[in-house]
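The values are calculated or read from the model by the stated rules, or taken from the named source; none is laboratory data. Nothing here was measured: the structure is a model prediction, and the numbers come from that model. Note: ideal-geometry Cβ built from the backbone for every residue, glycine included; neighbour counts use all protein chains shown. Side chains are part of the model used for accessible areas, which takes the heavy atoms of the whole protein and leaves out ligands, DNA and RNA. Shrake-Rupley method; radii C 1.70, N 1.55, O 1.52, S 1.80 Å.
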Amino acid sequence: HDAGDQALRFVASRLARVRGARAYRYGGEEFALLFPGRDVATAHEALERVRREIAGRPFVLRGADRPRRRPARPAPARGGRRRVRVTVSFGLAGTEGGVRPEDLLREADRALYHAKRTGRNRVHVARRDPR
């Protein structure tokens, strides 16, 4: 649980800095990013950038003896630190053509699970059902 919490904080800190977006925790390990006034192409570019940043940035698990806050004079790092790779997948849906909020969330959720099923660490754009 501790490692998962560390990873969630790591991802949340990156998502909070996405330009033009507002980030919210949506569920256990899921987040929602809203891009008010932005089109799908702009949102897609932003998600690809943050996806690459997260995947390319080293993530070091906090040791049990490491303090939660950085001290004024940190002690030198000891061996045994474990680096892991963190990746994220995104499902993207847009409001073009008018869509109810609950349908938008359902489309984004379907797109997210498609991204996960097809290899993870990717952005999948929902395709609107042309009924």
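Here are a few things to note about the model shown:
- Surface composition of the range 12-58: carbon and sulfur make up 47 percent of the accessible area, probe 1.4 Å.
- Share of alpha-carbon pairs per 5 Å distance bin for the chain, given as whole %: 2, 9, 17, 21, 18, 11, 8, 6, 4, 2, 1, 0, 0
- Estimated FRET transfer efficiency when R0 is 25 angstrom, pair ALA55-TYR113 (beta carbons, to 0.05): 0.85
- Taking ARG69, ARG100, ARG82 in turn, the Gaussian network model of the chain (Cα-Cα springs below 10 Å) assigns the largest fluctuation to ARG69.
- Against the chain, whose longest principal axis comes from its Cα atoms, helix 101-117 is set at around 60 degrees.
- With each label modelled as a point 7 angstrom along the Cα→C-beta vector, the SER13-ARG100 pair spans 4.1 nm.
- Take every Cα pair under 8 Å whose residues are at least 6 apart in sequence, average their separation, divide by the length of the chain, and the relative contact order is 21 percent.
- Average accessible surface for the chain: 74 Å² per residue, computed with a 1.4 Å probe over protein heavy atoms with every protein chain in place.
- Under-5 Å amide H pairs with GLY94, H placed in peptide plane, nonlocal only: none
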